[in-house]
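Let me begin by presenting the structure, written as structure tokens, before commenting on it.
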Amino acid sequence: MNTQAGMPTPLAAELKAHTGRFTDKTFDWKAFPSNVGYDELARAQMRYIGAGGSPKVGDTTTLKPDHFTLSLIYKEPGRYAACHSHEIEESFLIINGALVVGWERDGEVVEVNLGPKDMILNAREVGHGFRVDGVEPVLMSISVDVGKPLPPVYHYHPKDHPPELARSFGAAPGKTMPFDPQGEHPLQKLMGQYVVRHSEVPTIWEEAGFTRKVYVGPGGIDNDTCRKEMWGIPSRAGVKAFTREVEDAYLVLEGSLTVGWEENGEQVEVELGPRDLVKTPAGKAHWFRNNGAGHATVWAVIGTATDDGVTYQAA
């Protein structure tokens with residue numbers, strides 16, 4: 001029984017409360033206090049799940065995090081983020097634009113240029129920063145692989161180092177190397193294990209009629225926290241209800257996706273458009289279907305690194 005019409009039921013209200021609408025949110029230009037007073041560091045954050053590295057953990061418009069956070073970051077051409085590190089992995093998925101990401105160690109830096117649907121998983125305790133050298137702004141999704149990350153540790157912030165050194169993520173002239181997974185430098189080899197090019201990821205066709213590209217998890221980057229996948233869902237494709245022992249989140253990048261929950265014979269659903277998100281708690285039966293005429297592209301984040309045994313069955 002679908003009870004979407006009329007007065008919302010508790011299940012429908014719960015689903016709505018776990019939905020993040022792009023149009024209901026605003027970008028926060030003061031999410032990171034360390035950027036205040038430094039125009040070259042300016043960036044805006046839109047929070048969906050948790051604070052995502054921002055100290056604004058009391059934001060009531062964001063969903064409660066469990067195993068990961070998820071937010072959007074907007075950065076304009078010419079600006080950069082100072083080199084810093086985290087105690088846990090942090091991924092950057094590029095949605096629009098081109099982003100230069102640099103990893104630093106002992107004053108040497110490796111830089112990689114990422115385009116739309118490319119991703120980098122920034123390794124634990126490795127200094128990293130990013131910069132927009134292109135002519136268009138960058139919009140990306142950032143996920144930190146723990147519910148409440150510790151504050152970042154800054155390595156080369158312009159308040160402590162010359163601006164030109166901070167902009168190069170700590171590399172003096174001649175100390176920047178290009179990304180090269182086959183390179184001889186240990187930092188090149190390390191970064192090579194954590195960069196995902198969308199065009200190079202194998203496409204897995206599920207028998208349920210949709211595709212998966214595994215970025216992080218079995219078949220992708222080896223990791224012990226969360227799985228991250230890009231899904232392609234053709235028009236009219238969908239799956240039967242399934243459950244996980246952990247939470248998952250679906251962020252629509254292109255097209256539209258209907259997500260439904262089931263409980264005690266009741267069914268409720270919500271349709272998502274671009275940059276809308278649903279987070280489904282652990283143990284909740286849920287399904288998805290593309291009711292639109294066009295293809296849907298979805299970024300899926302799952303709160304476990306291992307294969308949780310879910311088998312997708314066509315609806």
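The values are calculated or read from the model by the stated rules, or taken from the named source; none is laboratory data. Just so you know, these numbers come straight off a predicted model, no measurement behind them. All Cβ positions, even for glycine, are placed from backbone atoms using ideal geometry, and neighbour counts span all protein chains on display.
Annotations
- Residues in segment 240-252 that are hydrophobic (A, V, I, L, M, F, W, C) and surrounded by 21 or more Cβ atoms within 10 Å (Cβ to Cβ): Ala249, Leu251, Val252.
- Search result, residues across segment 293-315 that are in contact (Cβ under 8 Å) with a residue 12 or more places away in the chain, surrounded by fewer than 17 Cβ atoms within 10 Å (Cβ to Cβ) and not aliphatic (A, V, I, L, M): Gly294, His295, Thr306, Asp307, Asp308, Thr311, Gln313
- Just so you know, in segment 116-142 the residues that are closer than 13 Å to Ile73 by Cα and not β-branched (Val, Ile, Thr) include one that is nearest to the chain's Cα centre (by Cα), and it is Ser141.
- Qualifying residue in segment 105-115 (condition: closer than 30 Å to Lys189 by Cβ, surrounded by 17 or more Cβ atoms within 10 Å (Cβ to Cβ) and within 15 Å of the chain's Cα centre (by Cα)): yes
- Selected residue (criterion: farthest from the chain's Cα centre (by Cα)) from residues of segment 143-155 that are among the aliphatic types (A, V, I, L, M) and surrounded by 18 or more Cβ atoms within 10 Å (Cβ to Cβ): Val146
- Restricting Val196, Val239, Val201, Val216 to residues that are in contact (Cβ under 8 Å) with a residue 40 or more places away in the chain and either on the phi > 0 side of the Ramachandran plot or out of contact with any Phe, Trp or Tyr (no Cβ under 6 Å at 6 or more places or on another chain) (or both) narrows the list to Val216.
- Residues of segment 286-302 that turn out to be part of a loop (DSSP other than H, G, I, E, B) and either of a type in the set (A, V, I, L, M) or assigned by TED's automatic domain parsing to the domain that holds Ser91 (or both), as a count: 1
- Segment 164-178, residues that are part of a loop (DSSP other than H, G, I, E, B) and either of a type outside the set (Gly, Ala, Ser) or not assigned by TED's automatic domain parsing to the domain that holds Trp103 (or both): Phe169, Pro173, Lys175
- A single entry from Ile221, Ile233, Ile204 fulfils the requirement of being buried (at least 18 other Cβ atoms within 10 Å of the Cβ) and farther than 20 Å from Asn122 by Cβ: Ile233.
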